[in-house]
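What follows is calculated from the coordinates using simple rules that are stated; it is not laboratory data. Keep in mind that this is a model prediction, so the values were computed, not measured. Cβ coordinates were reconstructed from backbone atoms using ideal geometry, including for glycine residues, and neighbour counts include every protein chain displayed.
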Amino acid sequence: MREIRVEDAVGQILCHDITQIVRGVVKDAKFRKGHVITAEDIPELLKLGKENIFVWENDETKFHENDAADILRDVCMGENLIATDVKEGKIELKATVDGVFHVDADRLNEINSIGEICIATTANKIPVRKNKSVAGMRVIPLVIDKTKMERVKKIAGDAPLMKIMPYKKFKVGLVVTGSEIFHERIQDTFTPVIEAKLKTFGLAVDWRRLSDDSKGMTREKISELLNLGAEMILCTGGMSVDPDDRTPAAIASVADDVVTYGVPVLPGAMFMLAYKNNVPIMGLPGCVMFCSKTVFDLILPRVVTGEILSSTDFSTLGVGGLL
């Protein structure tokens with residue numbers, strides 16, 4: 001890359017895009033990388049404030065920003081993502097399906113720490129819609145040492161840094177607990193809330209069962225739904241630490257693995273997740289019924305992708321967990 005006076009640039013190859021910005025009218029490249037400069041271009045370049053210009057000279061030790069962006073795309077783009085064309089040295093990744101965005105934050109942070117590299121993403125493990133931009137990437141200078149890009153590839157390894165996990169279809173069973181509902185003393189207002197949240201992901205309540213507050217009956221209803229083929233079970237009510245709230249004990253008595261009972265999220269601290277033969281069983285605290293956003297809204301999208309969650313997935317929710 002060599003800097004020369006614009007007036008001396010006729011016949012030279014432009015090595016970067018030159019952007020024209022007119023407030024409220026246009027912000028786009030007036031001249032593209034690779035353009036061969038003509039005499040007619042000189043007045044236009046001067047209007048853009050370019051008295052000197054950089055033209056391309058091959059340097060085997062460096063990558064042009066566009067070529068470096070291609071490398072960043074290749075290490076980042078995983079399943080259900082598509083890349084835009086490079087523009088002014090930048091590439092974006094977009095979702096090709098509705099689902100949950102995943103990025104390996106440790107590897108991404110290590111790559112960004114190399115210096116002169118920018119990979120920016122939307123928040124990790126959140127729902128995204130098809131065609132949404134989830135990441136953008138570029139290098140900061142116009143050219144970058146090839147050694148830095150080799151470090152990028154070494155850190156990234158063979159697995160892409162990013163992917164979208166698409167939503168799956170689940171047969172859902174619902175156990176509504178509470179003697180007041182079981183004996184029809186009050187109306188069940190929890191079920192409509194659950195139905196509305198499931199509908200967002202194209203799901204519905206396939207089976208609904210009522211239970212009193214006893215551990216035995218709640219366990220029986222959960223087991224019945226498992227035998228019917230439920231692939232996800234939601235239990236509402238009886239989730240607090242009061243002695244007569246026995247839903248957590250009922251869930252634990254059925255499950256193979258209790259991932260968590262209690263999470264660092266408000267509202268929703270009394271949430272429970274367990275698995276029986278990889279079928280998720282969730283205990284939903286009362287706040288899910290009357291708060292617009294709770295831990296259930298953080299966890300449900302991930303469960304609907306088929307992700308098997310661990311205790312670490314919950315213990316790390318505290319930062320940002322005040323909803």
Q. With labels modelled as points extended 7 Å from the Cα through the Cβ direction, what inter-label distance (nm, one decimal) is found for Ile4 paired with Glu60?
A. 2.4 nm
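Gain in length, Glu116 to Val193, computed as 0.36 nm per residue apart minus the alpha-carbon separation, to one decimal in nm?
Gain on extension, Glu116 to Val193, equals 22.9 nm.
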Q | Separation of the Ala249 and Arg185 label points, Cα + 7 Å toward Cβ, nm | A | 2.0 nm
Q | Bridge type composition, the chain - antiparallel percent by DSSP, nearest 5 | A | 75 percent
Q | For the chain: relative contact order, % (alpha-carbon pairs under 8 angstrom, 6 or more apart) | A | 13 percent
Q. Do the alpha carbons of any pairs in Lys130/Lys293; Lys47/Lys146; Lys90/Lys199; Lys94/Lys171 sit beyond 26 Å of each other, and which pairs?
A. Lys47/Lys146; Lys90/Lys199; Lys94/Lys171
Q: At 0.36 nm per residue, minus the direct Cα-Cα distance, what do Lys293 and Asn131 gain on full extension? Give it in nm, one decimal, please.
A: 55.9 nm
Q. Which aspartates and glutamates have a Cα less than 15 Å from the Cα of Lys215, not counting those fewer than 8 places away in the same chain?
A. Glu224, Asp242, Asp244, Asp245
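Tally Lys/Arg at +1 and Asp/Glu at -1 over every other residue whose Cβ is under 14 Å from the Cβ of Tyr275; what's the total?
It works out to a net charge of -3.
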Q.
Taking a virtual spin label 7 Å from the Cα of Asn124 along the C-beta vector, which residues in the range 237-268 bring their backbone nitrogen under 20 Å of it?
A. 260, 263-266
Q | Rounded FRET efficiency, nearest 0.05, which uses the C-beta distance separating Asp106 from Asp28 and R0 of 35 Å | A | 0.45
Q: Would you please classify the overall shape of the range 237-315 from the alpha carbon gyration tensor, given that a ≥ b ≥ c denote the square roots of the eigenvalues, rounded means a/c under 1.5, and beyond that prolate means a/b larger than b/c while oblate covers the rest?
A: oblate
Q. Residue by residue, what Karplus-based ³J(HN,Hα) values in Hz, rounded to whole numbers, does the range 268-278 have, using 6.51, -1.76 and 1.60 with θ = phi - 60° and x for Gly and Pro?
A. x, 4, 8, 5, 9, 9, 9, 10, 10, 6, 6
Q | Cα shape, the chain, gyration tensor, a/c 1.5 rule | A | prolate
Q) Can you give the helix-only mean residue ellipticity at 222 nm for the chain, where every DSSP H stretch with n ≥ 4 adds -39500 (n - 2.57) and the sum goes over all residues, rounded to the nearest 500 deg cm²/dmol? A) -8000 deg cm²/dmol
Q: Tell me the GluC sites (Glu not before Pro) within the range 164-264 that lie in a loop according to DSSP and have at most 14 other beta-carbon atoms within 10 Å.
A: Glu184
